[in-house]
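Contents: one structure, followed by commentary.
The values are calculated or read from the model by the stated rules, or taken from the named source; none is laboratory data. In this text the structure is predicted, and so the values were computed from the model without any measurement. Heads up, the Cβs are rebuilt from the backbone with ideal geometry, glycines too, and the neighbour counts pull from every protein chain shown.
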Amino acid sequence: MKRRKFLKNSSLTAAGALSAPLMANYQKNGISNPENEIDLPVKPIAVCTWNFKNATAKAWEVLEKGGNSLDAVEQGVMVEEADVKNETVGKGGRPDRDGNVTLDACIMDKDGNCGSVVYLQNIVHPVSVARKVMEETPHIILAGRGAEQFAYEQGFKKEDLFTESTRKQYEEWKKTSKYETIINIENHDTIGMLAMDENGDISGACTTSGMAYKVGGRVGDSPIIGAGLFVDNEVGAATATGVGEEVIRTVGSFLIVELMRQGKSPQEACEEGVKRIMAKNKDRKDFQIGFLALNKKGETGGYCVHPGFTYSQYTEKGQENVNVESFY
Ligand code: SD4
């Protein structure tokens with residue numbers, strides 16, 4: 001850790017004593033009294049789209065013990081993949097219009113390594129399969145049956161991803177079979193998570209079942225490196241939620257990281273990202289997108305098209321649900 005300024009930091013002091021592992025980490029870096037210092041990067045830190053408290057709590061648990069950001073984001077988003085009440089991610093995700101639950105996920109580490117799975121069925125934790133693609137194969141994206149076969153070879157278990165609730169909703173939906181993207185937040189619970197560990201290294205992960213009742217075979221932005229997620233450990237990271245088609249068209253997360261590289265704050269970069277999308281959609285108001293970004297200083301920002309998007313943040317000061325401003 002690079003020492004910067006050594007002045008009284010009232011906000012840190014007000015936050016109370018640091019936990020033992022964090023204090024040990026500061027001491028390891030030659031800083032005996034971190035409460036008296038300011039302008040250090042805020043790290044470790046975990047942030048994720050929406051108010052997924054349990055996910056950032058899990059990521060924080062990893063980071064606080066000195067774990068790395070890659071493990072933190074994987075384990076963080078796995079909480080939502082396993083939660084059947086989240087009907088946009090993992091088990092309990094809503095199906096496509098043919099009644100298949102198909103999952104998309106990706107993961108990216110501090111060195112720019114990445115892995116992704118698209119149209120994956122019958123596996124609860126696509127993010128972990130994506131990590132295996134990154135670590136165990138020379139490839140980046142595996143799709144459909146090939147991805148599923150690879151998952152079994154890696155020891156993942158086959159599981160029915162439907163729940164009673166999603167099956168009932170699907171039967172109901174079939175009566176009209178009407179596909180429409182819904183702006184409200186209930187239909188947008190994809191989790192994108194970004195974390196920086198005590199070494200200042202950043203990783204990210206993103207996982208979803210995509211838009212409910214999508215055309216069979218449809219893949220959104222979430223597993224597309226650069227669209228739903230991008231990490232550049234020199235600069236920062238970004239992730240997205242909402243209507244993936246619009247995020248792909250602007251390569252949203254890559255755009256936001258590049259804007260940060262040019263000197264914009266995470267907040268300014270997210271605002272510019274949404275504005276670029278809206279400039280291409282002058283006559284459309286019927287979709288939601290939320291961007292979330294983190295830079296190397298541990299600063300975060302978010303911006304969305306319609307009100308309602310929030311992000312969960314966990315630092316040594318504790319957990320917070322941050323409200324995000326919107327274009328409309
Ligand atoms: C997609 N971006 O598949 C995802 C959907 C989403 O919360 O974010 N849902 O387009």
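Applying the condition of being over 16 Å from GLU245 (Cβ atoms) and in contact with a strand residue (DSSP E or B) (Cβ under 8 Å, 6 or more places away or on another chain) to segment 268-282 and asking which residue is surrounded by the most Cβ atoms within 10 Å (Cβ to Cβ) yields CYS270.
Filtered by the rule that a residue be within 13 Å of the ligand (Cβ to nearest atom) and either in a loop (DSSP other than H, G, I, E, B) or not assigned by TED's automatic domain parsing to the domain that holds ILE191 (or both), segment 222-249 gives SER222, PRO223, ILE224, ALA227, GLY228, VAL243.
Kindly indicate whether TYR303 is modelled with pLDDT of 95 or more, more than 16 Å from the ligand (Cβ to nearest atom) and surrounded by 21 or more Cβ atoms within 10 Å (Cβ to Cβ). Taking the combined requirement at face value, the residue does not satisfy it.
Strands (runs of 3 or more DSSP E) fully within segment 265-328 that include at least 3 residues being in contact with an Asp or Glu (Cβ under 9 Å, 6 or more places away or on another chain): 289-295, 300-304, 310-315.
Counting just the residues of segment 270-322 that are of a type in the set (Gly, Ala, Ser) and more than 15 Å from GLY228 (Cα to Cα), which one comes out nearest to the chain's Cα centre (by Cα)? Across segment 270-322, the extreme among qualifying residues is SER312.
When the test is whether a residue is assigned by TED's automatic domain parsing to the domain that holds SER312 and not in a loop (DSSP other than H, G, I, E, B), ARG218 does not pass it. Among the residues of segment 87-108, those that are on the phi < 0 side of the Ramachandran plot and either more than 12 Å from the ligand (Cβ to nearest atom) or charged (D, E, K, R) (or both) comprise GLU87, LYS91, ARG94, PRO95, ASP96, ARG97, ASP98, ASN100, VAL101, ASP104, ILE107, MET108.
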